Amino acid sequence: MKEIVITFPDGTKNAYPAGISGIELADKLCTESSSLLAIRINNEVCALGTPIDINATVEPILRGTKTGSDVYRRSLCFILAAAAHSCYPDVRLLIGHSLGYGFYYTLESDKPLKSDTIQQIKAKMRILIEKNLPIKTDVLSYQDALVLFEKVGQTETRKQLNFICPPKITVNTMEDYSDMYYGPLVDSTGKIPLFDLMPYGE
């Protein structure tokens, strides 16, 4: 079995089997695992589940840092999209622009939305977070990605693939919800306990 050498922030070096992930190195990276959101591998920010198959210098990405905050917000957006899709599969959730440390979203529907729509989505987000569900990152062929997004009803994501045709598509998945990869996320929903969701303007 191929071995690789991993160098930690304190300068220590250890040999591991190739393919080890940041999740398996969590105890060496951080004393408080709930603060560990992602890992920097040879200066590239990656999800904790990313296999490491070459000699690497690794650093923890922690909550409370700028990069950690980016991972946190991106993961929260993914949880929001999953919750909205679960509650209202026919409603389109469109991201707009940032508002301070948050994001502005628009809900588009062919039918009038109920007054408690946002509260229902927020409640669903809480459930997903309390379950501490794993968020997995996989690489699929272009054709397999098309089939997946059609199967799970991700019509908008499926349409995006009409305009890009890469040979491989990186996908994030939580339970039966999948979406294209837009950057590393946390490895489980329980690491995203703090958020709010509220109406803005009309």
For the peptides 23-33, 6-16, what is the packing order when you average, over each peptide's residues, the other Cβ atoms within 10 Å and list the highest mean first?
23-33, 6-16
Given Cα pairs under 8 Å that are at least 6 residues apart, what percent is the relative contact order of the range 1-83?
29 percent
Among the listed pairs Lys13/Lys168; Lys66/Lys151; Lys136/Lys191; Lys28/Lys191, which have their C-alpha atoms separated by more than 25 angstrom in this model?
Lys13/Lys168; Lys66/Lys151
For the range 106-202, give the magnitude of the charge dipole about the Cα centre (Cβ charges: +1 Lys/Arg, -1 Asp/Glu; no others), in debye to the nearest 20.
120 debye
In Å², and per residue, what accessible area does the chain have when probed at 1.4 Å with the other protein chains present?
59 Å²
From DSSP H assignment alone, runs of 4+ in the chain each adding -39500 (n - 2.57), the sum over residues rounded to the nearest 500 puts [θ] at 222 nm at -8500 deg cm²/dmol
Below 8 Å, C-alpha to C-alpha, sequence gap of six or more: please give me the relative contact order for the range 1-144 in percent.
17 percent
Using +1 on the beta carbon of Lys and Arg, -1 on that of Asp and Glu, and nothing else charged, what's the dipole of the range 32-148 about the Cα centre, debye to 20?
440 debye
Given unit charges at Cβ for Lys, Arg (+) and Asp, Glu (-), the dipole magnitude of the chain about its Cα centre in debye, nearest 20, is 160 debye
Hey, any idea what % of the chain's accessible area is carbon plus sulfur with a 1.4 Å probe?
53 percent
Cα Rg, Dmax (largest Cα-Cα span) when computed across the range 56-105, Å
14.0, 45
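The values are calculated or read from the model by the stated rules, or taken from the named source; none is laboratory data. What you are looking at is a predicted structure, and each value in this text was computed from that prediction instead of being measured. Cβ: placed from backbone, ideal geometry, glycine included. Neighbour counts: every protein chain shown. Protein only, heavy atoms only, side chains kept; ligands, DNA and RNA dropped before computing areas. Shrake-Rupley method; radii C 1.70, N 1.55, O 1.52, S 1.80 Å.
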